[in-house]
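This report refers to the structure that appears directly beneath it.
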Amino acid sequence: PGRDYSTQRVLPSWVQVHLELRRKGVTKLLLWQEYQAEHGSKALGYTQYCEHYRRWCAVQKRSMRQHHEAGEKLFIDFCGPTVPIVNPETGEIKPAAIFVATLGASNYTYIEACKGQDRESWLMANSRCLTFLGGVPALLIPDNLKAAVDKADKFEPVINDNYKALARHYGCALMPTRPRKPQDKGKVESAVLIVERWVLARLRHQVFHSLAALNQAIRALNTELNQRPMKHYNGASREQLFNLLDAPALQPLPPYAYEYTDYRIAKVAKDYHVQYDYHWYSVPHRLVGERVEISATQTLIKVYHQEKCVAQHPRSYTRYRHTTDIAHMPENHAAHLEWSPERIRSWATHIGTNTLAVVLAVERNKDHLIQAQRTCLGLLSEQKRYGSDRLEKACALAISRQLPYIPVIKKLLKNGEDMRWQPDETKTIIPGTHTNIRGSKYYQ
């Protein structure tokens with residue numbers, strides 16, 4: 001009693017102790033042993049060491065009371081305020097959402113402007129954030145926004161498939177905060193407040209005409225924020241703490257970049273196609289009526305049935321059109337589809353010029369090529385019954401009478417008029433219109 005040991009004991013730097021405890025595997029006992037080895041008899045005993053540290057923590061800010069291991073948690077959220085993007089041509093104003101993420105141990109912060117809080121913007125912002133950090137933390141801790149969570153729950157939140165796919169790609173876990181519990185993500189709440197005061201407030205007088213220009217201004221302020229000294233950490237900056245604590249503990253990035261993938265459930269229609277983004281893609285016809293899963297990236301559409309990929313197509317952004325693989329069609333449908341106008345004309349050319357002239361005349365008279373396709377196939381099928389010579393001669397007779405119609409030609413063949421007719425050798429029968437015929441005006 002009465003002894004003042006404060007003049008005899010050397011107290012450690014409690015800020016340094018607090019930072020060291022964030023490293024994986026570091027304990028208070030280990031730090032006390034190192035401290036005792038350095039100062040010997042002037043060091044505190046282990047009990048008093050722990051008691052002094054507890055008292056020091058008690059007078060710090062509430063956010064300091066949470067223990068965050070290095071490289072463990074990344075807290076993610078959107079700012080409440082938005083930044084207007086003004087279209088210079090129309091004057092239209094669109095609000096840009098501000099994405100904020102911060103690491104638990106070092107407070108290292110990432111800021112980005114997104115076109116909105118939709119799912120694609122959210123996922124791509126997460127991906128760019130991890131690229132910015134140069135590594136992957138063990139846990140991503142988002143708020144319960146719809147872009148991340150399908151159903152919020154205190155114990156078992158339902159995370160959407162897209163976000164789970166991103167987590168699988170980077171090899172990390174997802175742990176959304178509890179609903180209406182902002183203290184679960186106090187780190188990012190503080191970071192959001194700092195971003196609003198130190199970044200967005202500085203940009204309030206500037207007018208931005210594109211998202212790229214806004215992000216360029218944000219990046220400069222983001223670098224300044226991470227390099228600013230923090231008085232509660234003895235003047236150390238977020239960047240210094242990141243290099244000391246989080247950077248060595250982060251998992252490496254995957255070897256290939258993340259590509260946004262959208263997942264949908266669809267039912268195969270009777271025409272063996274499924275719809276995605278107002279475009280239809282074919283699947284094997286045996287799956288008509290079945291439910292399949294569509295996996296869509298920016299360039300590729302994959303269709304899965306019972307976890308097996310059954311179809312794959314390049315993604316098309318043309319609305320209200322079909323992308324069809326002939327291998328997915330029934331045999332009779334595929335055979336019909338193979339008869340393109342070019343193939344029909346080629347077949348007619350092999351029979352003769354008069355047959356080709358009739359085919360071209362049919363195409364001109366029909367409103368749509370598909371209608372002409374069926375009619376021409378009906379004409380060319382007569383080759384099997386009467387042979388190429390008779391069909392060519394019947395077409396020549398129909399043209400000479402200026403009646404190049406399929407029913408007329410079939411009647412001529414049935415009655416045998418083509419066999420009794422002798423064409424005038426001085427007259428050359430040529431098509432009235434064809435892409436290979438230049439006409440007399442070409443030489444004027």
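The values are calculated or read from the model by the stated rules, or taken from the named source; none is laboratory data. As the structure is a computational prediction, the values presented were derived from the model and not from experiment. For neighbour counting, all protein chains shown are included, and Cβ atoms are generated from backbone atoms with ideal geometry for every residue, glycine included. Protein only, heavy atoms only, side chains kept; ligands, DNA and RNA dropped before computing areas. Shrake-Rupley method; radii C 1.70, N 1.55, O 1.52, S 1.80 Å.
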Pairs under 7 Å by beta carbon, first residue closer than 19 Å to residue 117 by Cβ in region 80-94, partner charged (D, E, K, R) and not in a strand (DSSP E or B), six or more apart or different chains?
-> 81/196
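Report whether or not residue 264 is in a strand (DSSP E or B) and of a type in the set (Lys, Arg). Break it down stepwise before answering.
Working: in a strand (DSSP E or B): yes; of a type in the set (Lys, Arg): yes.
The answer is yes for residue 264.
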Does residue 355 count as in contact with a Phe, Trp or Tyr (Cβ under 8 Å, 6 or more places away or on another chain), crowded, with 16+ Cβ neighbours inside 10 Å and either modelled with pLDDT of 85 or more or more than 28 Å from residue 272 (Cα to Cα) (or both)?
-> no
Of the numbered conditions (1) out of contact with any helix residue (DSSP H, G or I) (no Cβ under 9 Å at 6 or more places or on another chain); (2) touching a residue at least 24 places away in the same chain (Cβ under 8 Å); (3) farther than 23 Å from residue 68 by Cβ, residue 162 satisfies every one except a single condition; which is it?
-> (1)
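Every residue, every condition in (1) at pLDDT 90 or above; (2) surrounded by 20 or more Cβ atoms within 10 Å (Cβ to Cβ); (3) hydrophobic (A, V, I, L, M, F, W, C), yes or no:
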| site | (1), (2), (3) |
| --- | --- |
| 96 | yes, yes, yes |
| 104 | no, yes, no |
| 154 | no, no, no |
| 162 | no, no, no |
Exactly one of 193, 253, 200, 241 is aliphatic (A, V, I, L, M) and touching a Phe, Trp or Tyr at 6+ places or on another chain (Cβ under 7 Å), and that one is 241
Return a yes/no flag: does region 130-143 have any residue that is part of a helix (DSSP H, G or I), in contact with a helix residue (DSSP H, G or I) (Cβ under 9 Å, 6 or more places away or on another chain), open to solvent by less than 50 Å² (accessible area, probe 1.4 Å) and of a type outside the set (Val, Ile, Thr).
-> yes
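So if I check each of 127, 121, which one is in a helix (DSSP H, G or I), touching a Lys or Arg at 6+ places or on another chain (Cβ under 8 Å) and not basic (Lys, Arg)?
Numbers: 127 fails: touching a Lys or Arg at 6+ places or on another chain (Cβ under 8 Å).
Going through 127, 121 in turn, just one is in a helix (DSSP H, G or I), touching a Lys or Arg at 6+ places or on another chain (Cβ under 8 Å) and not basic (Lys, Arg): 121.
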Listed by first then second residue, the pairs whose first member lies in region 27-44 and is within 9 Å of residue 12 (Cβ to Cβ), whose partner is open to solvent by 90 Å² or more (accessible area, probe 1.4 Å), with beta carbons under 8 Å and at least 6 positions apart or on separate chains, are 44/11
By residue number, the members of region 291-333 that are open to solvent by 80 Å² or more (accessible area, probe 1.4 Å) and closer than 26 Å to residue 165 by Cβ are 291, 299, 306, 307, 308, 312, 314, 317, 319
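Output the residues belonging to region 194-209 that are assigned to a helix (DSSP H, G or I) and either farther than 15 Å from residue 100 by Cβ or free of Cβ contacts under 8 Å to residues at least 24 places away in the same chain (or both).
Hits for region 194-209 are 197, 201, 202.
Residues 167, 212, 191: which one is aliphatic (A, V, I, L, M), under 30 Å from residue 21 (Cβ atoms) and either modelled with pLDDT of 90 or more or not in a helix (DSSP H, G or I) (or both)? Give the steps one after another, and end with the answer.
Working: 212 fails: under 30 Å from residue 21 (Cβ atoms); 191 fails: either modelled with pLDDT of 90 or more or not in a helix (DSSP H, G or I) (or both).
The conditions single out 167.
Looking only at region 102-123, which residues are over 14 Å from residue 222 (Cβ atoms) and among the charged types (D, E, K, R)?
The initial filter retains those residues of region 102-123 that are over 14 Å from residue 222 (Cβ atoms), namely 104-106, 114-123.
Selection gives 115, 118, 119, 120.
Being of a type in the set (D, E, K, R), under 20 Å from residue 125 (Cβ atoms) and touching a Ser or Thr at 6+ places or on another chain (Cβ under 8 Å), is that true of even one residue in region 186-194? Break it down stepwise before answering.
Kept after step one, since they are of a type in the set (D, E, K, R), are these residues of region 186-194: 187, 189.
Keeping just the survivors that are under 20 Å from residue 125 (Cβ atoms) gives 187, 189.
In the following step, the residues that additionally are touching a Ser or Thr at 6+ places or on another chain (Cβ under 8 Å) were identified as 187.
Within region 186-194, one or more residues are of a type in the set (D, E, K, R), under 20 Å from residue 125 (Cβ atoms) and touching a Ser or Thr at 6+ places or on another chain (Cβ under 8 Å).
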